[in-house]
């Protein structure tokens, strides 16, 4: 549908407040951040990437990136799988499923600072988790001070964000016309075959959005990690946001900007790959 | 054979769901129940969560010994800060919610129903920036806001929140589902652009609008870093910042937690249907 110049102009006018705002508060700051990541003390073309060298070779940075990627690669499939499972179980609308849906969405709207104390009560060294272990005559674990912290954070991530994807999947599932299932059953397909050959393929667009949201939320888990363990948590959960936050506190903006650019490039590459593969299907 | 298998399967599913629901509700319920305990009791049983050395572990203490409203009394009547910060939070969150929705509607409409140069590139850029952690834009934003001489005023928090990428993104997804034929019909009837927007497109997106309202409200309600950096004035901090400090005060911590959940919970209960519909819209392309 080709639109005239006048139409385009109308479009731009409609979007103008949004564009101006987005430019001011999103794009411009990003450009400023980029300029801070470049070394401008000598203004020759051979050392502009000095900051990048420093940061990329820093062990702290490498740890942060590794942990963040590890968390995303482990957490996203886990939560998406769980969300799909819950959505399949709760796809019909009954009083019971409505209640269950409500319960699972609840953690999403509750301010995490309100309930973080309960998690601390469970997972601190003197907490319930270790108490339970002792009762079973097992060794107590330092939940927040060891590798286990990664799994505690994972638990928090799943607890908080499961509801969102679940709702998305329920919506996607309800968009599948029951006629497909009828046709499948008439042809003698088993429940399993129905799932793999009808449900899953028709859910592909939903999957895309759910994964997108899950990744964004995986980045946001920083707040929970910070509430649990502060600026310098255990090695296993020191993520790129911790790196950024600490450099922010130290007023070390160059390192902060460099890490921001690196994250930007990584995300950009991933998105391009996704778009490329989608276009290949169509 | 078949009915028996079905019954067992269904029983297992029910058990699984019940356990999952209980586990999900548990932190919230515990916070609520603990808010009725007195300070001494909290310290006695949960002291370790507040940095104290003592505090029994392995002792599951669920039901309060004494049902006391002291926590609430302290925080509501003795410390005037709380109510004041409560209203600050409401004001900021409401302003951001409304603003973001309005801007999102206009911007989303532009991206959804029009073509203009650099559209795709701009939108992709926005999406990627949306995914960035907060700290990326925090300092540059400060610089921009300082240039605009807004630091210290509530606008420094409200404006960046209003012009967030999420609003535009969500409304674009919702508006794309409005059939082009409807827009064409409007044009044939001679409607001007704004009329098409207000009378045809928007009403079809009611659920999306409602869901954006509540999502941005919740986001703004929980905002901590931006007020901290942009306001720099203890008296102006909203509830979310206060909540981070108060978690070290055993007498009122749980009560504060409950009180800060309530407004959001209320909004959620009011808008739940719309919220779910709105989220659904963003999926059905």
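Worth pointing out:
- Of the criteria (1) at pLDDT below 80; (2) surrounded by fewer than 18 Cβ atoms within 10 Å (Cβ to Cβ); (3) part of a helix (DSSP H, G or I), which one residue B:248 fails: (3)
- Residue ranges of helices (runs of 4 or more DSSP H) in the range B:115-209 with at least 2 members more than 7 Å from every other protein chain (Cβ to nearest Cβ) and at pLDDT below 85: B:119-131, B:134-147, B:165-176, B:180-188
- Conditions (1) within 14 Å of chain B (Cβ to nearest Cβ); (2) in a loop (DSSP other than H, G, I, E, B); number of the one not met by residue A:146: (1)
- Residue within the range A:61-79 that is more than 9 Å from every other protein chain (Cβ to nearest Cβ) and modelled with pLDDT under 80 present: no
- Residue match in the range B:232-242 (condition: over 20 Å from the mean Cα position of the chain (by Cα) and buried (at least 21 other Cβ atoms within 10 Å of the Cβ)): no
- Put simply, of A:97, A:60 the only residue that is in a helix (DSSP H, G or I) and under 26 Å from residue A:34 (Cβ atoms) is A:60.
- Residue match in the range B:79-99 (condition: facing chain A (nearest Cβ under 8 Å), within 20 Å of the chain's Cα centre (by Cα) and at pLDDT 80 or above): no
- Output for the range A:208-232, where each listed residue is closer than 30 Å to residue A:176 by Cβ and away from chain B (no Cβ under 11 Å): A:211, A:214
- Filter result for residue A:152 (more than 8 Å from chain B (Cβ to nearest Cβ), more than 16 Å from residue B:31 (Cα to Cα) and either in a helix (DSSP H, G or I) or out of contact with any helix residue (DSSP H, G or I) (no Cβ under 8 Å at 6 or more places or on another chain) (or both)): yes
- Some residue of the range A:197-207 being at the interface with chain B (Cβ under 10 Å from one of its Cβ atoms) and surrounded by 19 or more Cβ atoms within 10 Å (Cβ to Cβ): yes
The values are calculated or read from the model by the stated rules, or taken from the named source; none is laboratory data. A quick note: this is a predicted structure, and the numbers were derived from the prediction, not measured. When we count neighbours, we look across all protein chains shown, and the Cβ atoms used for this are built from the backbone with ideal geometry, even at glycine.
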